[in-house]
Amino acid sequence: MELVLVTGISGYVGQHVAAELLNAGYRVRGTVRDEAKSASVLKNLQGVADTKNLEFVTADLLNDKGWDDAVNGCAFVLHIASPFVLAVPKDENELIKPAVEGTQRVLNAAKRAGVKRVVLTSSVVAMTSGRASGSYGTDSWSDLTANIGAYAKSKTLAEQAAWDLVKDGGMELATINPGFMLGPAIGKSGDGQSIAMIAGLISGKLPMVPQVAMGMVDVRDVAKLHVAAMKEANSAGKRYIASTAEPVAMSKLAAVLRAAGYSKVPSIKAPNFMIKMMSLFDREAKGMVPELGKLISYDISDTVGSLNWEPTPIENSVLEMAASISK
């Protein structure tokens, strides 16, 4: 039974990936920043997988300590740990530093340990941020000279750092580049940005729906794609887009939720000028501004074909997410 390291196992994506691996018969070692988190992760995963082959190690993306022990004996590393926030931080390095330096720490430790392959969780924002409306594929990179925000910059720089580290061979790399993730969390609903946004809609805390549209994906699909990219021999050196081919408007999600009986979900669309005005004093609104009016579509043919991906309908994803939040 091969051992797989999952960084950020306590997160929204990390728990789904761990469950997918355990159910596929792998041994899993998960990293947590705080050892106390391992108990809640174990409890959550016990409800969806046999956890007899699960273990934990403590490691922080901003510290070298622990990473050599974390990767020791691992055949694969799935590097998922990285923050996702919509709000623009006061200091962009709050996001960029852990994303870039953390990726370098994990991959360097993996190389020293003789790991076969790393699968990195990147994002579509590493491909199309700062780009005009249009259709894009895996050869696209975000424009770092544009005003793309700290999160997009962190994901772009982190992925570029990963590819730089495997240029000389010796270890394989593949990336999964998801869109906006939806779907139920394992265990408690958690505090991820996508969860917070849907929670805000169904609770009525968001009085209007932002006029943004983006590629979206079910978190369970993202987990399956990580494992598929880890196993598929021809995945080395490839980027995989995990997203709807066409952008999905937030207003569509709101309509699906209202039709399902979530009566507090707003129907009024927030005028773009209002979001821009709010961005002067609200960091989450500021994070939305670069995406206003943009329509980005993606070429997902390689993900569908090479990894045998059958995307979960986004309508199902958002309803199951809302149900898990409402428990």
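See the values below:
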| quantity | calculated |
| --- | --- |
| Label point 7 Å beyond Cα of SER297 along Cβ direction - residues of the range 122-149 with amide nitrogen under 14 Å | 133-137 |
| The range 104-195 - accessible surface per residue (Å², probe 1.4 Å) | 38 |
| GNM flexibility winner over the chain from ASP302, ASP218, ASP91 (Cα, springs under 10 Å) | ASP91 |
| On Cα atoms only, tilt of 93-113 relative to the major axis of the chain in degrees | 30 |
| Near-label residues of the range 247-272 by backbone N, under 14 Å of a point 7 Å along Cα→Cβ of SER203 | 264-265 |
| DSSP-defined beta bridges in the chain - what % are antiparallel, rounded to 5 | 5 |
| Modelled FRET efficiency - R0 41 Å, SER326 with GLN104, Cβ distances, 0.05 increments | 0.55 |
| Stokes-Einstein D for the range 143-210, Kirkwood Rh over Cα pairs, 20 °C, 1.002 mPa s (µm²/s) | 140 |
| Projected label distance in nm at TRP163 and LYS52, using a 7 Å step from Cα toward the beta-carbon | 4.3 |
| Selection of trypsin sites (Lys or Arg not before Pro), the range 102-191, meeting DSSP coil and at most 13 other Cβ within 10 Å | LYS167, LYS188 |
| Amide H partners (placed H, <5 Å) of LEU173, local residues excluded | VAL118, GLY237 |
| Cα long-axis angle, helix 219-231 against the chain (0 to 90 degrees, to the nearest 10) | 30 |
| Spin-label pair LYS231/ASP69, simplified geometry with 7 Å Cα→Cβ offset, distance in nm | 3.2 |
| Gained length - SER267 relative to ARG131, 0.36 nm times residue gap less alpha-carbon distance | 46.0 nm |
| Portion, in percent, of the accessible area of the chain that falls on carbon or sulfur, probe 1.4 Å | 51 |
| Heavy atoms of SER10: accessible area, 1.4 Å probe, square angstrom to 10 | 40 |
| Acute angle (nearest 10 degrees) that the helix 37-46 long axis makes with the longest principal axis of the chain, alpha-carbon atoms | 80 |
| Full-stretch length increase - ALA146, ALA259 - with 0.36 nm per residue and alpha-carbon distance subtracted | 36.8 nm |
| Computed FRET value (nearest 0.05) for ASN93 with ASN316, which takes r as the C-beta separation and R₀ as 45 Å | 0.75 |
| Calculated on alpha-carbon atoms, Rg and Dmax of the range 1-117 in Å | 14.0, 45 |
| Alpha-carbon centroid distance for the pair the range 109-188 / the range 216-267, whole angstrom | 16 |
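The values are calculated or read from the model by the stated rules, or taken from the named source; none is laboratory data. As the structure is a computational prediction, the values presented were derived from the model and not from experiment. When we count neighbours, we look across all protein chains shown, and the Cβ atoms used for this are built from the backbone with ideal geometry, even at glycine. Surface areas here come from the heavy atoms of the whole protein model, side chains and all, with no ligands, DNA or RNA. Shrake-Rupley method; radii C 1.70, N 1.55, O 1.52, S 1.80 Å.
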